[in-house]
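Take a look at the structure set out below.
Readers should treat all values here as calculations from the given coordinates under stated rules, not as data from a laboratory. Because the structure is a prediction, the values reported are computed rather than measured. Heads up, the Cβs are rebuilt from the backbone with ideal geometry, glycines too, and the neighbour counts pull from every protein chain shown.
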Amino acid sequence: MVLVDGKLVEPEAARVSLFDHGFLFGDSVYEVVRTREGRPFLLDAHLARLRRSAAEIYLEIPFTDGELADQVRRVVREAGHEESYIRIIVTRGVGEIELHPATCRRPGLILVALPLRRPPERLYTRGIRLAVVGRRRTHPHSLNPAAKTGNYLNNVLAVIEARRRGADDAVMLNAEGHLAEGTTMNIFFVSGGVVRTPALESGILEGITRGVVVRLVREEGLPLEEGRYPPEALREAEEAFVTSTTRDIMPVYSVDGRVLESRGPGPVTRRLIRRYAAFSTPRSAGR
Ligand SMILES: Cc1ncc(COP(=O)(O)O)c(C=O)c1O
């Protein structure tokens with residue numbers, strides 16, 4: 001089910017204007033939220049990030065978080081799926097075909113609720129195959145990677161390049177050549193018994209799942225370092241995993257064709273997967 005500017009429509013019937021700057025220029029922001037036991041999971045954190053993304057592109061969202069949350073719950077209810085994948089999109093709105101948004105009178109709001117699909121099981125039992133591609137994450141002085149915008153072409157190209165090399169997905173470096181993140185996921189790896197992840201200053205999206213995992217790693221009493229790392233650090237890691245809303249914690253199998261020492265989910269990854277599952281059961285999620 002889809003809500004376009006407050007109107008409920010079936011996904012196939014949903015339409016946006018050709019003149020929406022979201023379509024014309026990728027001038028929009030979005031969030032992906034999932035439900036757990038039918039309820040939007042960590043919605044407050046996602047709405048807070050939506051607002052931060054909007055601020056990065058000088059877009060004012062004319063709805064309160066309460067109004068957005070009501071709309072999210074409405075589309076989930078109307079969709080009636082067992083678990084939903086929810087996409088919240090705020091576009092610059094309809095205007096003239098010119099870059100400056102002066103003619104866009106109000107932002108468009110689109111909410112999509114589709115059945116949640118779990119990634120293929122082999123990506124959990126064996127792990128994901130990553131390739132460090134040449135395509136770099138945008139520099140924070142360009143389109144800031146901390147903003148989740150409708151302009152994902154850089155990441156689209158990166159995943160195409162990774163697939164051409166026989167991998168499942170891409171790892172992108174920042175302009176300085178340090179590890180940044182996957183095309184739609186954050187990266188963690190373990191070396192010397194320390195759990196490591198690129199620092200936010202590496203120019204990445206502050207993943208909601210990443211934030212939870214950082215907290216859980218600390219609560220587990222495991223050593224954690226957020227830093228700047230060369231790609232070799234990931235290739236030579238003892239084990240690694242990626243995080244995102246739709247994947248939760250997914251182990252890494254190989255990087256650039258080189259199978260990691262753990263040859264699949266390693267002990268720290270398994271421990272955190274268990275810990276994350278316990279955290280994300282609705283009773284303990286603090287909602
Ligand atoms: C570039 C990028 N990094 C990381 C993530 C993971 O973020 P989250 O855990 O909030 O889903 C995403 C999510 O789609 C993303 O697009």
Along the Cα-to-Cβ line of Ala175, 7 Å from the Cα, sits a label point; which residues in the stretch 128-162 have backbone N less than 17 Å from it? 135-147, 154-155
Apply 1/(1 + (r/R0)^6) to the Cβ-Cβ distance of Arg36 and Glu226, taking R0 = 22 Å, and write down the FRET efficiency to the nearest 0.05. 0.25
Run the simple label-point estimate for Tyr58 and Glu82 please: 7 Å along Cα→C-beta, distance reported in nm. 4.8
What is the gain in length, in nm to one decimal, between Arg274 and Ala48 on full extension, counting 0.36 nm per residue of separation less the C-alpha to C-alpha distance? 78.7 nm
Ranking Ile273, Ile89, Ile249 by Cβ neighbours within 10 Å, fewest first, what do you get? Ile273, Ile89, Ile249
Output the 0 to 90 degree angle, nearest 10, between the alpha-carbon long axis of helix 65-79 and the longest principal axis computed from the alpha carbons of the chain. 90
Out of Leu18, Leu123, Leu179, a Gaussian network model of the chain with alpha-carbon springs under 10 Å gives the largest mean-square fluctuation to Leu18
May I ask you to compute the full-extension gain from Glu98 to Tyr152, defined as 0.36 nm times their residue separation minus their alpha-carbon distance, rounded to one decimal in nm? 17.4 nm
At what distance in angstrom do the alpha carbon centres of the stretch 65-111 and the stretch 1-34 lie from each other? 6
A chain fully extended from Leu143 to Arg163 at 0.36 nm per residue, minus the present Cα-Cα distance, gains in nm 4.7 nm
Residue with peak Gaussian network fluctuation, the chain [Cα springs, cutoff 10 Å], from Arg122, Arg135, Arg34: Arg122
Just the projected area, averaged over all directions, of the convex hull on the alpha carbon atoms of the chain: how many nm²? 14.8
Dimensions (Å) - the stretch 8-158, Cα atoms, principal axes, largest first: 50, 43, 29
Distance from a point 7 Å along Cα→Cβ of Asp65 to each backbone N in the stretch 25-45: keep the residues under 12 Å and list them by number. 42-45
